[in-house]
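Structure first, then comments.
The values are calculated or read from the model by the stated rules, or taken from the named source; none is laboratory data. This structure is a prediction, so every number in the text was calculated from the model and none was measured. As a convention, Cβ positions derive from the backbone with ideal geometry for all residues, glycine included, and neighbour counts pool all protein chains shown.
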Amino acid sequence: MQRRQFLALSAATATAPALTGCGGEPKGFPVNIKAGFKDSGFGPESTAEEVTEGLDLSGKTMLVTGCNSGIGLETMRVLALQGAHVIGSGRTMEKASAACASVEGKATPVSLELTDFDSVLDCAEQVEELGLPLDALICNAGISGRKQKQVVNGIEIAFLVNYLSHFLLVNKLLPLVTAAPQGRIVHVSSRAAYRRTPPDGIRFNTLGESNGGFEYDSWEYYGQSKLANALFSRKWAQKLAATNATSNALHPGFIKTNIARGQGRLTEIAFDIVGPFIAKSVEEGAATTCYAAAHPQMAGVNGEFLFDSNVVSVGGDHHLENDAMADRLWNVSEEMLGSYLG
Ligand SMILES: NC(=O)c1ccc[n+]([C@@H]2O[C@H](COP(=O)([O-])OP(=O)(O)OC[C@H]3O[C@@H](n4cnc5c(N)ncnc54)[C@H](OP(=O)(O)O)[C@@H]3O)[C@@H](O)[C@H]2O)c1
């Protein structure tokens, strides 16, 4: 990729509308290839097939959550195409089975409903029973912020689905990741993690029923859940530093998928109209995930944030590297999960 092209994308998408959750603010978050990392050669228009071209992933097992739609489906399709055995999760076995049957190569369905911790534990068991190390654990499933605040079992739904249940899943499956020669945890975060959070990052007093005295803003809730993904990745990277395993987070781009569901009909219609003009294709949208999960250039790369299949640094005022917040998030997550963590 041309560095100019990369920077142009950053500038262009910064003007994307707020409904994407990927832009909307004027400026202030310059994204550049991180010092010490070479241009990967890929960019915003690279597809998942292109970033994995020529790779032989046979013998590798990779789990993708949310395999039946959007970025997750394309990620599964391409990883399986290149020879990986993909374990694909869907909210029901029927959805996962249909998605797995739709791709060429080996794909095994598992059920995972992220609003239900029992389902997360059951999913972890289904995966453990396969008896395979995990070369990649891709936390992809997610929802946008809801039009109105929605709380399930006392936990705000975007935080629950996008982050907290993945926290439980990763903790349960970690032994399988570290059993792989170079297991990779990949967290599909978003640029909303720095563009759309409240100014103070995660508002811990809004994770339950309470709005903490603030007006409800669905994108701020989405943003803080995606910041949680990034901080969770950072924390794992620190914990895994002495191992061969790695943990990285990424922004996939703005892609017209089903992600706007739940934002209300008007937003969905706007998404449908605007999307085709400014969005990446799904094939492009899955590239950064596949690059992080499978590309040899990512071997040993740990604790980074990726954008357009490159390791980047994000400038400006944000919380992506806020270790105190990451520590607090970890402790709060453990408390919220209680006995589910075992
Ligand atoms: N599209 C973008 O522009 C964009 C930008 C930045 C980040 N992302 C992130 O990319 C990831 C994938 O999103 P996408 O754009 O591909 O959206 P999508 O097409 O809506 O796919 C989301 C996936 O997550 C699953 N999911 C939703 N709620 C779930 C739950 N309660 N339990 C289990 N699975 C659940 C969905 O299953 P069902 O189909 O059964 O609901 C679906 O498989 C998300 O983490 C999103 O935040 C997307």
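Laid out as a table, the results:
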quantity	calculated
Subset of segment 236-256 (residues that are more than 15 Å from the ligand (Cβ to nearest atom) and within 16 Å of the chain's Cα centre (by Cα))	W236, A237, T246, S247
Residue selected from segment 257-285 under the condition assigned to a loop (DSSP other than H, G, I, E, B) and more than 20 Å from V161 (Cα to Cα), by the criterion farthest from the ligand (Cβ to nearest atom)	S281
Segment 65-80, subset more than 6 Å from the ligand (Cβ to nearest atom) and under 13 Å from the mean Cα position of the chain (by Cα), residue surrounded by the fewest Cβ atoms within 10 Å (Cβ to Cβ)	T65
Pick from segment 82-95, criterion more than 10 Å from A107 (Cβ to Cβ) and of a type outside the set (S, T, N, Q), ranking: farthest from the ligand (Cβ to nearest atom)	G83
Residue check, F214 closer than 21 Å to S339 by Cβ, modelled with pLDDT of 95 or more and more than 11 Å from the ligand (Cβ to nearest atom)	no
Failed item, numbered, when S233 is tested on (1) within 16 Å of the ligand (Cβ to nearest atom); (2) surrounded by fewer than 19 Cβ atoms within 10 Å (Cβ to Cβ)	(2)
Which listed residue, of N171, N205, N211, N162, is in a loop (DSSP other than H, G, I, E, B) and polar (S, T, N, Q)	N211
Residue check, K106 over 25 Å from S144 (Cβ atoms) and at pLDDT 95 or above	yes
Hits in segment 191-208 (condition: of a type outside the set (D, E, K, R), over 20 Å from the mean Cα position of the chain (by Cα) and either closer than 15 Å to A326 by Cβ or surrounded by 24 or more Cβ atoms within 10 Å (Cβ to Cβ) (or both))	F204
